[in-house]
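The values are calculated or read from the model by the stated rules, or taken from the named source; none is laboratory data. Nothing here was measured: the structure is a model prediction, and the numbers come from that model. Methodologically, a virtual Cβ is constructed for each residue, glycine included, from the backbone with ideal geometry; neighbour enumeration extends over all protein chains shown. Remember, those area values only see protein heavy atoms, side chains included, never the ligands or the DNA or RNA. Shrake-Rupley method; radii C 1.70, N 1.55, O 1.52, S 1.80 Å.
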Amino acid sequence: DVNDQVHISYDLFEVTGEGSVNVEIRDLAGRLIRTVYAGQDLIGHYEHKWDGTDDSGALVSPGLYLYRVSLDTDREGSNQIGTVHVAY
């Protein structure tokens, strides 16, 4: 199938050691739909896939969703936010 996964990518620069990274999918009301990734990353390029399911494994309803990549280090935090369109 075409477009059955979305690839969320990010780059980490200027991180000393590991940074705590969370990749989340939320609906437009801000409710958490899926935690795609939660872990510790070093400097580099990363990519995670989301298959259109929520944390329980059920397909989400068609519509617009937000993804957020958040990074917390000992020096600072940052967020990358974007949109994902789901259609069947």
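Here are some notes:
- Within region 34-80, restricting attention to residues that are of a type in the set (A, V, I, L, M, F, W, C) and assigned to a strand (DSSP E or B), the residue that is farthest from V15 (Cα to Cα) is L59.
- Filter result for the condition that a residue is open to solvent by 60 Å² or more (accessible area, probe 1.4 Å) and touching a residue at least 40 places away in the same chain (Cβ under 8 Å), over T16, T83: T16
- In the set (1) of a type in the set (S, T, Y); (2) under 16 Å from the mean Cα position of the chain (by Cα); (3) part of a loop (DSSP other than H, G, I, E, B), S20 fails one condition alone, (3).
- Pairs meeting the criteria (first residue in region 29-57 and open to solvent by less than 40 Å² (accessible area, probe 1.4 Å), second residue modelled with pLDDT under 95 and assigned to a loop (DSSP other than H, G, I, E, B), beta carbons under 8 Å, at least 6 apart or on different chains) are D41/V15; D41/E18; W50/Q5; G52/D4; G52/Q5.
- Boolean, I8 is in contact with a His (Cβ under 8 Å, 6 or more places away or on another chain), β-branched (V, I, T) and within 16 Å of H85 (Cβ to Cβ): yes
- Among the residues here, L66 qualifies as under 11 Å from I25 (Cβ atoms), in contact with a Gly (Cβ under 9 Å, 6 or more places away or on another chain) and open to solvent by 50 Å² or more (accessible area, probe 1.4 Å).
- When region 54-88 is filtered for residues that are among the aromatic types (F, W, Y) and either at pLDDT below 95 or more than 14 Å from L32 (Cα to Cα) (or both), only Y88 remains.
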